[in-house]
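Data first, discussion second: the structure below is written as structure tokens.
Any read-out appearing in this document is the output of simple, stated calculations on the displayed coordinates, not a laboratory observation. None of the values given here were measured: they were computed from a predicted structure. A quick note on method: Cβ atoms are made from the backbone with ideal geometry, for glycine too, and the neighbour counts reach across all protein chains shown.
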């Protein structure tokens, strides 16, 4: 018996200036299935789904919903056809309650006046039916990231959608929250509804999907049933070559020798609220200490304070015997700290400068790049050419404006600049965020190489798979405190315990 097509997209083409985002793509969603859209950063996955949801207009092609040809020119049109989308960045009004956000923009069944009793009853039915536990009267700003995502899904279900598009839905969730989300999606599927799951996490795609469609450079490169494939084949279809997952190897440094020591560190966030609450830890030479935690629990403030761009309220940071807390970023770099910042566009690079200048911007005033007041551009350009070749940075020339490079190549520029100076300590914050599998593989290789050469690395990442794959020890942060540190040389990681620590539900004694 042939499956029923709920959505069919035929020969969809979309360009942005000279960039072809979708090149005559054919894509089908069947009734009662979970279909994953997999692909590198910039492969065209989100663009295709934004066309289906009415946020972008297609240049050419046809869309059919329940067998009828339709034109979708806005999200309102999509919702009327039973299509909903939960975006990677939520679209909730922080000062309103859950209930108010759910009914925002909807007409009242009783005319002019909103019927809150009817809305509350309907909301409670959805919560119970799908296990989406959330307090209808809580303000959005009071909710965790996982609860906010539930509100977005409830909003879609309240509007009677039959096709739910989820764009990178697990990016900011704890393992327990991912498990709860997958339970909800399976209930949704059991009712005959369909889900489009956009993700770069191969292990999650293999767990939740019935069918997987792979995009590369705006075209479909493969389609597989889950039982017909594996993560290695999917990665190859994504990047066009064999991808070898870089696994953590035992470092050559066997004796633990503290390199960075943090003692009683307190710091404020940008709203002048306490973000770090007197934390203490150390990073050894030749090890990666991974920091696990949901975004917004003090990780960014910790990165800023160590690198000198944010002053601590109290506490001390030592690099070997030098105290670096309160010093300027330039002094800290000179003492041997390399920084791969969370926001490469804002903090890592000056996008309007030529590429060769960004490759030396932290040390252009040192020999052989300068002598006194004179800058040796010949030496700088020669050095830039060497790094571009060594780090496989794709660019037309060393003279192009840095902003013309792709996200993966921008990250390689920062990596090349930092590692070329052989820093003794590296803070790598979200080093592969938004990057495709091939770029992630390369950056992981380089970080492990630096660690095996004796550098201490503090790896801050919201990607739990990345933390588990690279770290020698794992430190969990929640609301500016350390919930525990797991030494992987002494014990196996319990994912459930790790998730409870990330959610603040369990604490270990930190020695």
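Measuring from centroid to centroid over Cα atoms, what is the spacing of segment 142-218 and segment 289-330 in Å? Spelled out, the Cα-based centre of one part sits 35 Å from the other. Shape summary of segment 285-332, radius of gyration then Dmax from alpha carbon positions: 11.8, 32 Å. Between the helical axis of 116-130 and the longest alpha-carbon principal axis of the chain there is an angle of about 70 degrees.
Diffusion coefficient of segment 29-133 by Stokes-Einstein, Kirkwood radius over Cα pairs, 10 °C, 1.306 mPa s: 96 µm²/s. For segment 282-427, what D do you get in µm² per second when you plug the Kirkwood radius from alpha-carbon pairs into Stokes-Einstein at 10 °C and 1.306 mPa s? Estimated diffusion coefficient is 96 µm²/s. I'd like the distance separating the alpha-carbon centroids of segment 364-393 and segment 432-511, in whole Å. So the separation of the two Cα centres works out to 34 Å. Considering only alpha-carbon pairs that sit under 8 angstrom and 6 or more positions apart, the relative contact order computed for segment 5-239 is 29 percent.
Of the residues 159, 451, the one with the fewest other Cβ atoms within 10 Å heads the list, and the complete ranking is 159, 451. Pair-distance distribution of segment 408-460: all C-alpha pairs, bin width 5 Å, starting at 0; shares per bin in whole percent are 4, 20, 34, 28, 11, 2. Rg over Rh for segment 5-239 works out to 0.97, using Cα positions for both radii and the Kirkwood form for Rh. Would you mind ranking 60, 379, 209 so that the residue whose beta carbon has the fewest other beta carbons within 10 Å leads the list? Placing the least packed residue first, the sequence is 60, 379, 209. For the chain, what is the convex hull volume of the alpha-carbon atoms per residue, in Å³? Taking the convex hull of the Cα positions in the chain, it is 171 Å³ per residue. With the alpha-carbon atoms of segment 356-511 aligned to their principal axes, the span from lowest to highest coordinate is 56, 32, 28 Å, starting with the largest. Using a cutoff of 8 angstrom between alpha carbon atoms and counting only pairs six or more residues apart, the relative contact order for segment 11-68 works out to 41 percent.
Between residue 217 and residue 481, the contour length at 0.36 nm per residue exceeds the alpha carbon distance by 90.8 nm. Put in order of Cβ neighbour count within 10 Å, fewest first, the listed residues 122, 508 become 508, 122. The mean sequence distance of close C-alpha pairs (under 8 Å, at least 6 residues apart), as a share of the length of the chain, puts its relative contact order at 15 percent.
For segment 343-422, the orientation-averaged shadow of the C-alpha convex hull comes to 5.0 nm² (one quarter of the hull surface).
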